[in-house]
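S.K.: My questions all concern the structure below.
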Amino acid sequence: MIPFNKPAQTGREEAHLLKALSSGKLSGDGEYSLKCHEWFERNLPCKRALLTPSCTQALELAAILIDIKPGDEVIMPSYTFVSTANAFVLRGAKAVFVDIRPDTMNIDEAKIEASITDKTKAIVPVHYAGVACDMNAIMSLAERYGLYVIEDAAQGMMSEYEGRQLGTIGHMAAYSFHETKNYTSGGEGGLLIINDSSFQDRAEIIREKGTNRSLFFRGLVDKYSWVDVGSSYLPSELQAAYLWGQLENVNEINNFRLSIWEKYHAGLAPLKNEGLLDLPSVPSNCKHNAHMYYIKVKDLDERKRLIHYLKERDIMAVFHYVPLHTAKAGVDYGRFSGKDVYTSNESERLLRLPMWFNIPTSYIDNIIDAVLDFYH
Ligand SMILES: *Cc1c(COP(=O)(O)O)cnc(C)c1O
């Protein structure tokens, strides 16, 4: 069976894990965590980077930082993972869903303005498949209406928009290091990226259970105490050590994935040229990270038949997401603004093909052949 995903492993993680184990400190913000923080702050770059146990928790931290309160509205696509909405709904906000663009499956920037009300507090663009949303349009709308922009860049590490890394454009952003993402911190993990320095100090406090412990460790206060609301948003050193093994040679993973993406794209092009399916497209001002390779088939029924056909040939292909506005909690905690022209239709057509670091290229040949056979 060709699995859909395997967690990325470069071979360097084990040595770092062993070193962390013998360091005498396994709790958060040890040597490896600090190395990771510095790496992101230098390479993205950003004002402050803070590892979290997951992207979900980085988004929750951002929601607390922008003071989301009951009654606030937060604009986002309906075609996304539940955490995009939950992080804000947990603080009492209503999720306001906006339709997507069919070419990138990203929020349609042209439909955002009509969804803004006097309750709107933030826009949360999701960079689907590591392809950027139209950030120029989104940032200028946000500025005009005084809104925060929190990028859900869970899938976006190493992608660029007009030469800037995804996650460095909004006020804040979140990366995911879950095992299904391009880079992992050993199964679960995330990162809060802070670009607006006014959030920096409070972020450290909320992340440390509402205490000023990080100021204490830096010698800036002589005792630490409870100063704000907070929670526990520090990952273990073992997670940071695993991630460090991937950051050391970040391009190795990126280049490999891009080569697999290109192989799929070239191999399936004949089907697109015959009008049998659609393939992903990347706007010319975006550089993507090959987070996923998806195809878009005719409809739900054809997708069902293709998944079955591939499974019989030992190939696992999967789909996601059920649009949030059609889910039970989405009805309770959100509303769709405007018309659902593309969200439901396009989500029913999308199918993801196996993609992971070091997937044998012979597998890709098999998968392409199987899809070609299905259509011919
Ligand atoms: C994976 C993902 C998340 C959640 O990431 P976790 O690290 O599992 O919490 C959030 N948003 C999007 C768009 C994702 O793809």
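The values are calculated or read from the model by the stated rules, or taken from the named source; none is laboratory data. Being a predicted model, the structure only gives us computed values, none of them experimental. All Cβ positions, even for glycine, are placed from backbone atoms using ideal geometry, and neighbour counts span all protein chains on display.
S.K.: Just the residues that are within 16 Å of the ligand (Cβ to nearest atom), within 13 Å of Ala95 (Cα to Cα) and hydrophobic (A, V, I, L, M, F, W, C), please, taken from region 106-126.
M.R.: Passing the criteria: Ala122, Ile123, Val124.
S.K.: Limited to region 282-301, what total is found for residues that are without any contact (Cβ under 8 Å) to a residue 12 or more places away in the chain and over 21 Å from Glu262 (Cβ atoms)?
M.R.: 1
S.K.: How many residues does region 230-278 contain that are under 20 Å from the mean Cα position of the chain (by Cα) and farther than 20 Å from Thr180 by Cα?
M.R.: Number of matching residues: 2.
S.K.: Among the residues of region 80-105, what is the count of those that are farther than 14 Å from Phe336 by Cα and of a type in the set (Asp, Glu)?
M.R.: 1
S.K.: May I pose another question? All but one of (1) away from the ligand (no atom under 16 Å from the Cβ); (2) assigned to a helix (DSSP H, G or I); (3) of a type outside the set (Asp, Glu) hold for Ala129, so report the exception by its number.
M.R.: (1)
S.K.: Regarding region 73-92, can at least one residue be identified that is in a helix (DSSP H, G or I), of a type in the set (D, E, K, R) and under 23 Å from Asp196 (Cβ atoms)?
M.R.: Among the residues of region 73-92, not one is in a helix (DSSP H, G or I), of a type in the set (D, E, K, R) and under 23 Å from Asp196 (Cβ atoms), which makes the answer no.
S.K.: What residue, among those in region 48-67 that are away from the ligand (no atom under 15 Å from the Cβ) and either of a type in the set (S, T, N, Q) or in a loop (DSSP other than H, G, I, E, B) (or both), is nearest to Val250 (Cα to Cα)?
M.R.: My answer is Ile66.
S.K.: Separate question: For the subset of region 117-153 comprising residues that are within 18 Å of the chain's Cα centre (by Cα) and at positive phi, which member is surrounded by the most Cβ atoms within 10 Å (Cβ to Cβ)?
M.R.: The residue in question is Gly130.
S.K.: Is it true that Val149 is within 15 Å of His291 (Cα to Cα), among the β-branched types (Val, Ile, Thr) and modelled with pLDDT of 95 or more?
M.R.: For Val149, the condition - within 15 Å of His291 (Cα to Cα), among the β-branched types (Val, Ile, Thr) and modelled with pLDDT of 95 or more - is not met.
S.K.: When you go through (1) in a strand (DSSP E or B); (2) of a type in the set (A, V, I, L, M, F, W, C); (3) under 26 Å from Tyr233 (Cβ atoms) one by one for Phe97, which number turns out not to apply?
M.R.: (3)
For (1) in contact (Cβ under 8 Å) with a residue 24 or more places away in the chain; (2) more than 25 Å from Ala87 (Cα to Cα), each residue gets a yes or a no:
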position	(1), (2)
Ala317	yes, yes
Lys328	no, no
Asp340	yes, no
Phe357	yes, yes
Pro360	no, yes
Asn366	yes, yes
Leu372	yes, yes
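S.K.: Select from region 162-217 the residues that are more than 18 Å from Ala62 (Cα to Cα), assigned to a helix (DSSP H, G or I) and of a type in the set (Lys, Arg) and list them in ascending order.
M.R.: Arg213, the sole residue that qualifies.
S.K.: Related question: Within region 245-254, does at least one residue satisfy the condition of being touching a strand residue (DSSP E or B) at 6+ places or on another chain (Cβ under 9 Å) and touching a residue at least 24 places away in the same chain (Cβ under 8 Å)?
M.R.: No - not one qualifying residue is present in region 245-254.
S.K.: Among the listed residues Pro3, Pro45, Pro77, Pro70, which satisfies the condition of being of a type outside the set (A, V, I, L, M) and either under 16 Å from the mean Cα position of the chain (by Cα) or within 15 Å of the ligand (Cβ to nearest atom) (or both)?
M.R.: When all the criteria are applied, what remains is Pro77.
S.K.: Scanning for something buried (at least 24 other Cβ atoms within 10 Å of the Cβ), touching a helix residue (DSSP H, G or I) at 6+ places or on another chain (Cβ under 9 Å) and touching a residue at least 60 places away in the same chain (Cβ under 8 Å), does region 66-73 turn up at least one residue?
M.R.: No - not one qualifying residue is present in region 66-73.
S.K.: What helices (runs of 4 or more DSSP H), lying completely within region 279-370, carry at least 3 residues that are exposed (fewer than 15 other Cβ atoms within 10 Å of the Cβ) and not assigned by TED's automatic domain parsing to the domain that holds Tyr175?
M.R.: Result: 300-312, 328-333.
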